[in-house]
1. Before we move on, is GLU247 touching a residue at least 60 places away in the same chain (Cβ under 8 Å) and either out of contact with any Leu (no Cβ under 8 Å at 6 or more places or on another chain) or in the same structural domain as VAL85 (by TED's automatic domain parsing) (or both)?
2. So if I check each of ASP56, ASP50, ASP105, which one is modelled with pLDDT of 95 or more and in contact with a Ser or Thr (Cβ under 8 Å, 6 or more places away or on another chain)?
3. Does TRP173 count as over 24 Å from ILE232 (Cβ atoms), modelled with pLDDT of 95 or more and in contact with an Asp or Glu (Cβ under 8 Å, 6 or more places away or on another chain)?
4. Take VAL146 and decide whether it is in contact with a Lys or Arg (Cβ under 7 Å, 6 or more places away or on another chain), of a type in the set (A, V, I, L, M, F, W, C) and assigned to a helix (DSSP H, G or I).
Amino acid sequence: MGKEDSRALLMRGLGFLAIFLLGAFSCNRESTRMHAIPLRMLWAWESPQDLRFLTDGEGVAFLAGEMHFEGHSTRWQPRRNPLKVNPATPLMAVIRLESHSAVLDESQERELVHRAMQCMKLPGVLGIQIDFDAVPSERSWYAQAVRRLRTTLPDKAPLTITALGSWCWDDPWIDGLPADEAVPMLFRMSAGESDIRRRLSRGEDVRVGLASHSWGVSTDEPLPALKKGRRIYAFHPGSWTESAWQEIREKLR
């Protein structure tokens with residue numbers, strides 16, 4: 001093999017390496033849609049919430065409503081309790097999905113999209129988060145629903161999902177979904193909790209790029225070892241207090 005052939009092979013190899021590294025970087029790079037979402041987010045669930053103690057750089061992902069699927073029917077349960085925030089606090093509307101022997105058809109998919117678009121009209125809402133513990137038989141429908149949401153929501157609006165811990169490691173079926181973020185739920189894990197905590201303590205990262213920019217934790221469980229610099233979603237059972245927020249914020253420093 002001549003020098004020119006060797007040089008050509010070397011340049012070709014370097015080109016392939018550059019393409020591979022660019023692809024890997026792109027897969028793990030956070031979506032630009034998420035830039036408007038603070039790195040400290042409180043989950044405000046179905047309890048009266050007064051979050052006017054929050055400061056700049058802190059936001060709220062609040063339960064906007066629950067969708068209950070049963071058979072072919074869909075029932076929407078809007079938030080029942082008051083939510084008080086400062087006018088400038090960035091908000092993300094969370095829609096919780098509950099499936100009860102549901103068919104999960106196209107009409108239910110359309111209803112989800114409709115409710116998400118209605119939530120986008122609420123004051124201060126920048127994006128949508130879907131919370132659904134989809135079992136294997138529901139994943140195809142859920143993936144299609146996420147794709148439809150992404151094409152229907154405003155282009156600049158973030159679309160995020162919550163993710164069971166197993167989805168971010170050994171069962172990474174969410175990889176490739178057109179969401180802007182998947183939040184690993186590192187609490188109430190039940191099955192596999194000890195294994196996930198052990199992996200995190202060893203410095204192992206998630207195996208899904210979509211889930212590599214955030215963590216979901218709770219104030220009433222020990223914090224696992226977390227890689228720094230990621231968005232944190234913090235859950236608190238019941239109504240948040242300023243002291244509860246300050247305590248978890250200090251632990252996350």
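The values are calculated or read from the model by the stated rules, or taken from the named source; none is laboratory data. Since we're looking at a predicted model, the values are computed, not measured. Note that we place each Cβ from the backbone using ideal geometry, even for glycine, and neighbour counts take in every protein chain shown.
1. Answer is no for this residue.
2. It is ASP50.
3. Judged against the criteria, TRP173 is not a match.
4. no
Quick grid of which residues meet (1) β-branched (Val, Ile, Thr); (2) under 27 Å from PRO82 (Cβ atoms); (3) surrounded by 13 or more Cβ atoms within 10 Å (Cβ to Cβ):
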residue	(1), (2), (3)
ASP205	no, no, yes
TRP215	no, no, yes
SER218	no, yes, yes
PRO224	no, no, yes
LYS227	no, no, no
PHE235	no, yes, yes
TRP240	no, yes, yes
TRP245	no, yes, yes
GLU250	no, no, no
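The rows are residues; the columns are (1) in contact with a Gly (Cβ under 8 Å, 6 or more places away or on another chain); (2) of a type in the set (Phe, Trp, Tyr); (3) assigned to a loop (DSSP other than H, G, I, E, B).
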{"residue": "PRO172", "(1), (2), (3)": "no, no, yes"}
{"residue": "LEU177", "(1), (2), (3)": "no, no, yes"}
{"residue": "PRO184", "(1), (2), (3)": "yes, no, no"}
{"residue": "PHE187", "(1), (2), (3)": "yes, yes, yes"}
{"residue": "ALA191", "(1), (2), (3)": "no, no, yes"}
{"residue": "ARG197", "(1), (2), (3)": "no, no, no"}
{"residue": "VAL206", "(1), (2), (3)": "no, no, yes"}
